Structure formats: C-alpha cells, structure tokens
Amino acid sequence: MIPTITAFEQSPDRGQGLARDMTVRWAFEEVGQPYDVRLVSFRAMKESTHRALQPFGQIPTYEEGDLVLFESGAIVFQIAERHAGLLPNDANARSRAIAWMFAALSTVEPVIVQREVSMYLERDKPWHEERLPIVEDRIRSRLDDLSARLGDGVWLDGAFSAGDLLMVQVLRRLGGSGILDAYPNLLAYVTRGEARSAFKRAFDAQLEVFTGKSSSQLE
Ligand code: GTB
C-alpha cells in the first residue's frame, strides 16, 4: 500500500524545502518507497477532518491503511523501521542513530526555532534587539558541541542514518542567517546531505508544488 502524506498547498517557504513534509519526502526517497501527497490549505488544516489526523492542525501527516501518524520525527522513524537504509542493523548502532534523531529534534532544533520566532514574530517588541543575540548565542553553543562531535567525520555516527537526515534538515533552517559560516565542517555536512540523490528528488518534488512545474520544465 502506498502511504499518503500531507503538505502545504502553498508553502510559506516558497519552495526552499524547509517545511517538514520535505523531511518525510527525503526519508521515502532514501528507502525507495513511493508515496502520495495530499495538499492542504491553511484553512483545511485547522478543520476537524484534518485535526482527526493531526491534533494540532499542522502538516505533515502519514496515512497507510489503518495507520495514521503525525509528527515528522515519528513518521521518519516509522519509515526507517519498515525499510532498510536509514537505521543500521547492529542493535547498538541503531540505538545511537535513534539518539541522534532525538538530538536533532529536541536538542538542536528548539534553539533554531526560537530564532525564527524572534525574527518573524517578535521584531516589533521593544526587547527584540536585546533578545536576538541571546538566542543566537544559544544556537552557537549547540553548534560548537555538534561541530566538535562531528569533527572530520562524514556523518554523525558511521553510515548516513535517519539521525543525519533530521540533523541536516534542522541545520538547513539556519540558511541565510550566516551562523553556520563559522562551522566549516557543519556547512560541509549540510552540503553532503543536500548532494544525496534522494534529497534532490524530494526537494524537486516539493518545489514542483510551489512552482507548478517539474524540475525538467524549469531547466
Ligand atoms: N512537531 C511537528 C512535526 O515535526 O511534524 C511540527 C509540525 C509543523 O511545525 N508543521 C508546520 C505547520 O503545519 C509546517 S512545517 N504549520 C502551520 C500551523 O502550525 O498552523 C514548519 C515550517 C513552516 C514554514 C517554514 N518556512 O516558511 O520556512 C519552515 C518550517
């Protein structure tokens, strides 16, 4: 059975592949699982039909037969559990890769999201100028540690895993901020992720939703 996911009908990221359906699309592409996409409007996302799938009225969701899932991390984990290619076979290595999935979503991403909130929702607050450098220092603190751990490694722990997939997607959210520039190994890490053919297929598919044109038509 082909799973169906939901994605923005009109993504506010304008095709940059930063909305979380991109993460799920990338996971599907890595394991070679075809998938369908149902596009939802902002209004439809907040209606009861969609909330039955996603209690918070967000994308992405995942439906396969009787199974309905929300939370992009849980969806990537489901894909990684069901297919080879995103989690190692060795039990300990598998547990470590899962730890990196959690690290991406619960240790690194929150500080990056705080900056987005600060930039997009708090700009008009009298304390914005004071708060932003504090938030950015918190990001740098996480990146210092992540960069030290990655060192000159290619991926976080051996072969590419779902942990890398989530971490690369999280770090991509810093694009345009200049913050990653101080971490050449993390920049190279993100570039390696984006160079994967599965990433490119996923990226092109979500871009096509924004432009209404396939990548071959854009060339
Ligand atoms: N924890 C949930 C998960 O991982 O699935 C979070 C899901 C979530 O944040 N979904 C967002 C959403 O539906 C879209 S991805 N938002 C609508 C709402 O809450 O009403 C987050 C996102 C949105 C936009 C950009 N962007 O424009 O760059 C980037 C990321």
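For region 4-85, taking Cα atoms only, Rg and Dmax work out to 12.2, 37 Å respectively.
Probe radius 1.4 Å, ligands and nucleic acids left out: which of Thr191, Thr211, Thr49, Thr6 has the largest accessible area, and how do the rest follow?
If we order Thr191, Thr211, Thr49, Thr6 from most to least accessible, we get Thr49, Thr191, Thr211, Thr6.
Can you give me the convex hull volume of the Cα atoms of region 91-196, divided per residue and expressed in Å³?
That works out to 92 Å³ per residue.
Relative contact order of the chain, please, whole-number percent, based on alpha carbon pairs below 8 angstrom and at least 6 residues apart.
26
Run the numbers for His83 and Lys213: contour at 0.36 nm per residue of separation, minus the present Cα-Cα distance, in nm. Kindly include the intermediate steps, with their values, before the conclusion.
Values: separation 130, 0.36 × 130 = 46.80 nm, distance 3.01 nm.
Going from the current span to full extension adds 43.8 nm.
Sum up the charges of everything whose Cβ sits under 13 Å from the Cβ of Gly175, counting Lys and Arg as +1 and Asp and Glu as -1, but leave Gly175 out. With Lys, Arg at +1 and Asp, Glu at -1, the net is 0.
Each residue, Asp137 and Arg94, gets one label point 7 Å from its Cα in the Cβ direction; the gap between the two is 4.3 nm.
For Ser95, what charge total do you get from the other residues with a beta carbon under 14 Å from its beta carbon, if Lys and Arg give +1 and Asp and Glu give -1? Neighbourhood net charge equals -1.
Hydrodynamic analysis of the chain uses the Kirkwood radius over alpha carbon pairs. Inserted into Stokes-Einstein at 25 °C and 0.890 mPa s, it gives a translational diffusion coefficient of 134 µm²/s. For region 91-196, the carbon plus sulfur part of the accessible surface works out to 53%, probe radius 1.4 Å. Structural descriptor for region 4-85: relative contact order 37 percent, calculated from alpha carbon pairs under 8 angstrom and at least 6 residues apart. Extending 7 Å from the Cα toward the beta-carbon at both Asp144 and Ser197 defines two label points whose distance is 4.1 nm. Counted residue by residue at 0.36 nm each, then reduced by the alpha carbon distance between them, the extension gain from Phe56 to Ser41 reaches 3.9 nm. Here the mean projected area of the convex hull built on the C-alpha positions of region 89-153 is 5.3 nm².
Between region 167-186 and region 80-137, the C-alpha centres lie 12 angstrom from each other.
For Lys213, the lysines whose Cα comes closer than 30 Å to its Cα, not counting residues fewer than 8 places off in the same chain, are Lys46, Lys200. A simple charge model with +1 on the Cβ of Lys and Arg, -1 on the Cβ of Asp and Glu and nothing else charged puts the dipole of region 28-179 at about 320 debye relative to its Cα centre.
With a cut-off of 19 Å on the backbone N, the residues of region 78-115 near the modelled label site 7 Å out from Glu130 along Cα-Cβ are 115.
The values are calculated or read from the model by the stated rules, or taken from the named source; none is laboratory data. Everything quoted here is computed from the prediction, not taken from an experiment. Quick reminder, even Gly has a Cβ in these numbers, built from the backbone with ideal geometry, and neighbours come from all protein chains shown. Ligands, DNA and RNA are excluded from the accessible area calculation, which covers all protein heavy atoms including side chains. Shrake-Rupley method; radii C 1.70, N 1.55, O 1.52, S 1.80 Å.
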